[in-house]
Amino acid sequence: MADLSETFDVLVAGGGNAALCAAITACRAGARVVVAEHAPRAMRGGNSRHTRNLRALHHGPTGVLTDSYLEEEYWDDLRRVTAGKTDETLARLCIRASEHAPGFLESCGVVFQPSLSGTLSLSRTNAFFLGGGKALVNALYRTAEALGITILYDTEVQHIVVKDGFATEAIVSHRGFPARIRFKAFIASAGGFQANREWLRRYWGDAADNFQIRGTPYAQGRVLKDLLAQGVQEVGDPTQFHAVANDARAPMEDGGLAMRLDCVPFSIVVNRDVERFYDEGEDVWPKRYAIWGRLIAQQPGQVAFAINDSKAQMDYLPPVFAPYRADTIADLAAQIGLDAAKLEKLVADYNAAVRPGTFKAQSLDDCRTEGLSPPKSHWARRIDTPPYYCHPLRPGITFTFLGVKVNERARVMMQDGTPSANMFASGEIMSGNILGQGYLAGFGMAIGTVFGRIAGEEAAKLVRN
Ligand SMILES: Cc1cc2nc3c(=O)[nH]c(=O)nc-3n(C[C@H](O)[C@H](O)[C@H](O)COP(=O)(O)OP(=O)(O)OC[C@H]3O[C@@H](n4cnc5c(N)ncnc54)[C@H](O)[C@@H]3O)c2cc1C
């Protein structure tokens, strides 16, 4: 049983990748560290346990990454997906430091493997964790335990006592009992608020009830809310989140990666009024998969239907739930409750608009529509070869972008523009500094690892002095 009467050097709130990178770094630098993880041990690791990879800058082939991925290209990729809504200084700092992220994680027992094949082809840019995020989280916890870091499961940080930008203690619920943890420095790594439907309802109304939360149900945003209420500067658009097209039959929480559907580029997607609403073939899937959750969230009933035919079945990762299947479009419509005549006409109009081209599943091909609104710019083939298939889709929310503002040393910024005396942040809780909108696959873990290390280093330096 942990002794909570002592004053720790550093309290880290959260138990995912960002928290553990911060805790391990601070401890290696000589600090006495306590980690408060809201989840019980079996559910530890937040969204990080669902991950697969990390985007890393590299100057040439490494053990698992091919070719090179340099700062300007990485920056350009980020600038494009965020449409410039990013803090260039923090973004470039993160990009540069991502070069050392795999090495740091390896020093904590994480093992990497070459990219798996699939529709997100990332072998050049992203290093994959052998055994996925669960293995990564286990390795980080093993390292933290071996270093003697105190880990408190079932411990929700409910309130941080802050005066004039200086934090002194946390009020927590520890295994259901109230307790306080005193510390000299505080690191907030408690993720976003995407699992807090009441908070999401503020921006999305009742639609929020139809959002599937892909990751941890513990992302309630309590630490974020508490800090913002105490003079910490907020960053990021509260309505923005990373969201993908999930299978509509997935669990409402914690369904993870396997619930994501990658069929969109090889289908046409209609809403429940049988209307197409976006170009399914706008760009390669790694650059577009993260906008589809939001697009579906904006449709009536927050539901959509991806429709294709037998030709498309081998072009995307097989789904967990079998698609609806029928020999005619009318039968398919009947199974999924759509207006059959309208769907038949929509498919016929789409087929008539498809121009001949050479289909290439893995690159931007010349198969497109003409005279159709919205267009399908690539991978447009006629839907004419039964059986026909339908995957029902719902928005799967990955994480929210609202966060606390930080400076280059991961120090939390106060509303008056001064850095907090002893509060730091890493991971999703501050990702809005860099991700104003959009997303780049593997960047969440890059942000968490890089800023976790900076926060841990700075917190340890502060308490040493
Ligand atoms: C299905 C899925 C797949 C993903 N795949 C990838 C990928 O391959 N690559 C990538 O880069 N990103 C991926 N992401 C995004 C990635 O998970 C996050 O960017 C990253 O894990 C953030 O790390 P974090 O430590 O900030 O948050 P988390 O890992 O979510 O950790 C937050 C922690 O805070 C704890 N917590 C919350 N509130 C409190 C409180 N009040 N007190 C104490 N503890 C609290 C939670 O229990 C949790 O342990 C994926 C996300 C999901 C959902």
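The values are calculated or read from the model by the stated rules, or taken from the named source; none is laboratory data. What you see is a predicted model, and the numbers here were worked out from it, not measured in a lab. Note that each Cβ is placed from the backbone with ideal geometry, even for glycine, and that neighbours are counted across all protein chains shown. To get the accessible areas, we keep the full protein, side chains included, count just its heavy atoms, and leave off ligands, DNA and RNA. Shrake-Rupley method; radii C 1.70, N 1.55, O 1.52, S 1.80 Å.
Overall, segment 210-301 carries a charge dipole of about 180 debye about its Cα centre when +1 sits on the Cβ of Lys and Arg and -1 on the Cβ of Asp and Glu, all other atoms neutral.
Relative to one another, the C-alpha centroids of segment 363-434 and segment 306-355 are positioned 26 Å apart. Here the Kirkwood formula puts the hydrodynamic radius of segment 37-105 at 14.0 Å, using every distinct Cα pair. Bridging of Lys163 to lysines at a Cα separation below 17 Å is possible for Lys184, Lys225, once same-chain residues fewer than 8 apart are set aside. Return the tail of the calculated pair distribution for segment 50-167, meaning the percent of Cα-Cα pairs more than 26 Å apart. Result for the distance tail: 38 percent. When the Cα atoms of segment 242-325 are aligned to their principal axes, the ranges along those axes come out at 32, 27, 26 Å in descending order.
Spin-label model, Leu70/Thr358: points 7 Å from Cα along the beta carbon direction are separated by 3.0 nm. Partners of Lys342 within straight-line reach, counting lysines whose Cα lies under 21 Å from its Cα and excluding those fewer than 8 residues away in the same chain: Lys376.
With the charge dipole of the chain set up from +1 on Lys and Arg Cβ and -1 on Asp and Glu Cβ about the Cα centre, the Cα lying farthest toward the positive end among the listed residues Val270, Thr328, Ala91 is that of Ala91. About the centre of its Cα atoms, the chain shows a dipole size close to 740 debye [charges on the beta carbon of Lys, Arg (+1) and Asp, Glu (-1) only; nearest 20 debye]. The residue list Cys27, Gln362, Thr51 was ranked by how far each Cα lies along the charge dipole of the chain toward its positive end, using unit charges on Cβ atoms, and Cys27 comes out on top. In the chain, a dipole from Cβ-located charges (positive for Lys and Arg, negative for Asp and Glu) runs towards its positive end, and of Thr82, Pro395, Leu257 it is Leu257 whose Cα lies farthest in that direction. Over all other residues within a Cβ to Cβ distance under 14 Å of Leu462, the charged ones net out to +3, with Lys and Arg as +1 and Asp and Glu as -1. What a 1.4 Å probe finds exposed on segment 59-136 is 54% carbon and sulfur by accessible area, rounded to a whole percent. Rg/Rh, computed from the Cα trace of the chain with Rh as the Kirkwood radius, has the value 1.01.
What range in the chain is the longest one free of GluC sites (Glu not before Pro) that are in a loop by DSSP and have at most 16 other Cβ atoms within 10 angstrom? Between the exposed loop sites, the longest stretch runs 7-274.
With contributions of -39500 (n - 2.57) from each DSSP H run of at least four residues, the per-residue ellipticity at 222 nm computed over the chain stands at -8000 deg cm²/dmol. Quote the relative contact order of segment 165-312 in percent (integer), defining contacts as alpha-carbon pairs under 8 Å separated by 6+ residues. Relative contact order, segment 165-312: 20 percent. Within the chain, helices built from complete DSSP H runs that reach 30 Å or longer along their own axis (Cα positions) and carry a mean Kyte-Doolittle hydropathy of 0.0 or higher are 443-464.
Per residue, the convex hull around the alpha carbon atoms of segment 243-396 comes to 97 Å³. Taking a Cβ cut-off of under 15 Å around Pro323, the surrounding Lys, Arg, Asp and Glu residues balance to a net charge of -1, with basic ones at +1 and acidic ones at -1. Calculated on C-alpha atoms, the gyration radius of segment 229-270 divided by its Kirkwood radius gives an Rg/Rh of 1.18.
The magnitude of the dipole of segment 243-396, with charges of +1 and -1 set on the Cβ of Lys/Arg and Asp/Glu and taken from the Cα centre, is near 140 debye.
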